[in-house]
Amino acid sequence: MSGITLTASMRSNLLSLQNISGQVSSTQNKLATGNKVNSAIDNPSSYYTARSLNNRADDLNALLDSMGQAVSTIKAATTALESATEFLEQATAIATQVNCSSYVPEKSYFEDKVGENGAVVTTAQELKDAVAAGKETICVYGAIDLGDISTSGGLTLQENQKLVGVGYYGNFGAKGKDFSSISASADTKAQHLITINKTGNLVSDLSIDYKSSLADTNGYAAVYINSKAEADLQNLNINANFTAIRTIGVAELDGFFDIKTEADWAQGILSQDGGVCNINSNAQINIETSGNAAMGIWSVRSSVVNIASGAIVKSNATDVNLYVEASAVIDIKNGATVYAKNARIYSGTLNIAGNLYCSEWIGTSSGNCRINIGSTAQIYMANKSSLGVGNNTNPNILDIAAGAGIAFEKNGAAKWYEVQSDYSYTASTTSVNISYDNVESILNVANTGSWKTAKDVIAEQEQKNQEEENNTSLIETDDLISYQTQYNKALSQYDSLIKDASYKGVNLLQNDKLTVKFNEDNTASLGVQGKDMSSQALGFKTFDWQTQADIADSLAEIANALKSIRNYSSELGNNYSIITTRQDFTESLVNVLTEGADKLTLADMNEESANMLASQTRQQLAINSLSLASQASQSILKLF
C-alpha cells in the first residue's frame, strides 16, 4: 500500500488546521458547560479550590434544610401555646363566674327550696302579697322597688316568717349584695321599712336601700324590732339616710353587715328602751355615717349591746362611735375586736374585755358612768388620744384590772403597757385623764413590746374570716355542675392540644429536645430544650369544686400556668430568633461560597464566543489554504 505524499505546504496547513480544530473543540466545551475549568487538567488549583468551596456550600445547604425544619418545629410549639392559652382563658372565665358567688341559679331552684308554704318573689306586689299571706319563707329573687311607702307602709313580718335573699341558700349573690335587694322611699311620713312585732323572724342575705326626706327624729329605721319581739338578722347590706337597725326587742346579728347612714342623728345600730342587741361571734360589722351628730352604735335607756368573742365591729361615725346612755350597757367580750374613733359614756356602762382601737378618746360626759377594763382587754389609743372619766356630783368610775394591755401612740410611735395591779378611780370632785404623757405616773404598768396592736388583731381576724368564707361549701346546683363540667372540658382540650403540637416526631411541649447544627463540622449548634406543658406538669390539681377555696385554688393554678406558658413562649421566641438569624447568615454564606467557586471556574461567555468566532474563521482560512496548496500540486502534475 503506497502512502500519501504531502508537500511541506500541505503538511503545514494540515497541522495548523489540526490546532485550530482543537481550539474550536475546547471553546465549544466551555460554551456548552459554561465553565472555563471543567477538570483538574484545565487548572488544578482553581478546580480543587472551587470544588472545596462548592462542597462546603452543599454541606451548608443541607444544614439550611435542618434549620428550616427546626424553625417549623418551634412554630408548631408556639402556635400550640397560643391556642392553649385561649383554653386556659376560657377556664378562667368559667371559674370566675362561680367565684365569689357570682352566679345565681334559675328561680325554679329556689322555689324547690322554699317549698309549698314559701314564695319566691320578683315584684313589689308579689312581695307584699307573700308577707300578707303569711308565707313561711319569702325569697327575694332580683331587685324589688317598693316605691314610696309613706302611706302604704312598709313590710310587717308575721310570726316565724323569714325574709331572705338567694344567698341564704348558698354562696349566691355575694352574701345578699346587689342581686337580692329591696329599695323604698318615704317622702311625706317616715315609716319603718321592715317591722318585726313577733318572734321567730329572720331577715337574711338582703341588700336594703331606704331613703327619706325626713330626719331620724323619731328613730325610724330600715329594720325595726319592736318590744317583746325577737329576730335574727344576718348578712345585710343596708344603705339608709337614717337609722339602719333599731331594736327595743331582741336582735341577733350574725354574718356580714355593711351599714351606711346619711341623715343627722342617725345610728348604724340603735338599741333602746330595754332592747338587746347581740352581735354574735361570727359577725363582721362595718358602719359608716355621714350625717351631723350621727352615731355608730347607740345603747340607750336600759338597753344592752353585747359584742361576742370573735366578732369584729368597725365604726367610722361622724360623731360618736360607741355611745352608752341612761343606764345602758355596751359589753365588749374577751376576744371581740372593735375599731372605733371614740367611745362616750353618758350615765351608762362600757365593759371592755376584748380588743378596742380608738383614734380619739374614751370618756364620760355626765354622772353615774362606769368604764370597766378587764384583765384580758387590749386597748390601743392612737393619735395622742386619752382614756378617762370626768368629775360629777354623781360620781363616775374607772376600773382597770391587772393584766390589761394599754397602748398610747404619739408622734408615730406607740408604747404598750401591761397593768401590774388593779386600778380604780372614782371621779366626784376631780377627773382623771390617762394619756401617753402620764400613763406611767398614774398606773402601775410595765412597758412591754410583746403585745399586738388592735390593727394586727383586726387583720388576723379578717384573714381568719376570709379563710372561713373560702371554706364554705358550694351548693351543688345544676349550674355549678355545668360550670364544673365546662371547666374540666377546657382543661381536657388544653391537654389534647399540647399532645398535638408534634412536628416530625418532636414535641417541644412534651419535654422533647431539639438540636440545631449551624456549621458543617458541628462546632456551632443550639439545643432547644422542650418542657412538659401538660396541665398536670403545670400544677393543676383542683378538678372538683367543693368549696370557694377550691375555686380560688383553680384560679391560682390557671394564673401560675399562664405565667409558665408566657415564660416558655419567651424562651422559644428567643431560640426562634437565634435560629432564623443563623439561617439568614448561612444563606448568605452559601451565596458567597458559590460565587467564589464560580469566579474560579465559570467561563466568560463573551470572550469564549469571540474565541469561537475567531477559531472558526482561522479554521476556514486554513481549509482554504490547504485547498490552494493541493491545487498547486495538481497543476504541476498536469504538465507531464
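Full extension from Asp58 to Asn411: what is 0.36 nm times the residue separation minus their Cα-Cα distance, to one decimal in nm?
Values: separation 353, 0.36 × 353 = 127.08 nm, distance 8.10 nm.
Fully extending the segment from Asp58 to Asn411 adds 119.0 nm.
What list of ³J(HN,Hα) values in whole Hz, one per residue of region 422-430 in order, does the Karplus curve 6.51 cos²θ - 1.76 cosθ + 1.60 (θ = phi - 60°) give from phi, with Gly and Pro shown as x?
4, 10, 9, 9, 10, 9, 10, 10, 10
Filter Lys162/Lys228; Lys189/Lys211; Lys135/Lys189; Lys113/Lys162 down to the pairs with a C-alpha to C-alpha distance above 21 Å, please.
Numbers: Lys162/Lys228 18 Å; Lys189/Lys211 12 Å; Lys135/Lys189 28 Å; Lys113/Lys162 13 Å.
Lys135/Lys189, as the Cα separations exceed 21 Å there.
Hey, what's region 228-297 come to in accessible area per residue, 1.4 Å probe, Å²? Write down the numbers at each step before the final one.
Values: 2000 Å² over 70 residues.
Here the residues of region 228-297 average 29 Å² of exposed surface.
For Asn488 and Asp532 in the same chain, what is the full-extension length gain: residue separation times 0.36 nm, less their Cα-Cα distance, in nm? Let's see the in-between values first.
Numbers: separation 44, 0.36 × 44 = 15.84 nm, distance 1.93 nm.
Contour length minus the Cα-Cα distance gives 13.9 nm.
Show me, for region 300-315, the HN-Hα J-couplings you get by feeding each phi into the Karplus relation (A = 6.51, B = -1.76, C = 1.60, θ = phi - 60°), rounded to Hz, glycine and proline as x.
Result, rounded to whole Hz: 9, 6, 6, 8, 9, 10, 9, 10, 7, 4, x, 6, 10, 10, 10, 10.
Can you give me the accessible area per residue for region 331-385, using a 1.4 Å probe, in Å²?
On the way: 1640 Å² over 55 residues.
So region 331-385 comes to 30 Å² accessible per residue, rounded to a whole number.
Taking every Cα atom in region 213-343, find the radius of gyration and the maximum pairwise distance Dmax, and write them in Å.
Gyration radius and largest Cα-Cα distance of region 213-343: 12.8, 41 Å.
Take Ser302 and Lys107, extend 7 Å from each Cα along the Cα→Cβ direction, and tell me the distance between the two endpoints in nm.
Rounded to a tenth, the inter-label distance reads 4.8 nm.
Ser588 to Thr515: FRET efficiency via 1/(1 + (r/R0)^6), r the Cβ-Cβ distance, R0 30 Å, to the nearest 0.05? Provide the component values of the computation, followed by the final result.
On the way: r = 23 Å, r/R0 = 0.76.
So, using R0 = 30 Å, E works out to roughly 0.85.
Among 380-389, 296-305, how do they line up from the highest to the lowest mean number of other beta-carbon atoms within 10 Å? Walk me through the numbers on the way to the answer.
Numbers: 380-389: 20.4, 296-305: 23.8.
Those peptides, ordered most packed to least, come out 296-305, 380-389.
Evaluate the distance, in nm, between pseudo-label points positioned 7 Å from the Cα of Glu262 and of Asn160 along their respective Cα→Cβ axes.
Distance between label points: 4.0 nm.
If I compute solvent accessible area with a 1.4 Å probe over the protein chains, what percent of it on region 117-255 is carbon and sulfur? Numbers along the way, then the final one.
Values: 2060 of 4810 Å².
Roughly 43 percent, rounded to a whole number.
If r is the Cβ-Cβ distance from Asp437 to Ser366 and R0 is 22 Å, what FRET efficiency results, to the nearest 0.05? Mind showing how you got there, number by number?
Working: r = 26 Å, r/R0 = 1.19.
Efficiency, rounded to the nearest 0.05: 0.25.
Just the number please: accessible area per residue for region 70-194, 1.4 Å probe, all protein chains included, in Å².
Computed with neighbouring chains in place, this is 42 Å² per residue.
Kindly state, to the nearest 0.05, the FRET efficiency for Ser227 paired with Ala132, given R0 = 22 Å and r defined as their beta-carbon distance.
Values: r = 23 Å, r/R0 = 1.04.
According to the calculation, E is roughly 0.45.
Probe 1.4 Å, all protein chains in place: accessible area of Phe585 in Å², nearest 10?
Only protein atoms counted, so the area is about 110 Å².
Calculate, in nm to one decimal, what Ser290 and Ser424 gain on full extension: separation in residues at 0.36 nm each, minus their alpha carbon distance.
Numbers: separation 134, 0.36 × 134 = 48.24 nm, distance 3.65 nm.
Working it through step by step, the gained length comes to 44.6 nm.
May I ask you to list the aspartates and glutamates whose Cα is less than 19 Å away from that of Lys504, ignoring any residue fewer than eight positions away on the same chain?
Cα-Cα hits under 19 Å: Asp65, Asp512, Asp532.
Of the cross-linked pairs Lys499/Lys541; Lys513/Lys541; Lys341/Lys384, which ones have a Cα-Cα span greater than 21 Å in the structure shown?
Details: Lys499/Lys541 19 Å; Lys513/Lys541 27 Å; Lys341/Lys384 12 Å.
Beyond 21 Å: Lys513/Lys541.
The values are calculated or read from the model by the stated rules, or taken from the named source; none is laboratory data. Owing to the predicted nature of the structure, the values given are computational and were not obtained by experimental measurement. Here Cβ is always computed from backbone atoms with ideal geometry, including for glycine, and neighbour counts include all displayed protein chains. Only protein heavy atoms, including side chains, enter the accessible area calculation; ligands, DNA and RNA are left aside. Shrake-Rupley method; radii C 1.70, N 1.55, O 1.52, S 1.80 Å.
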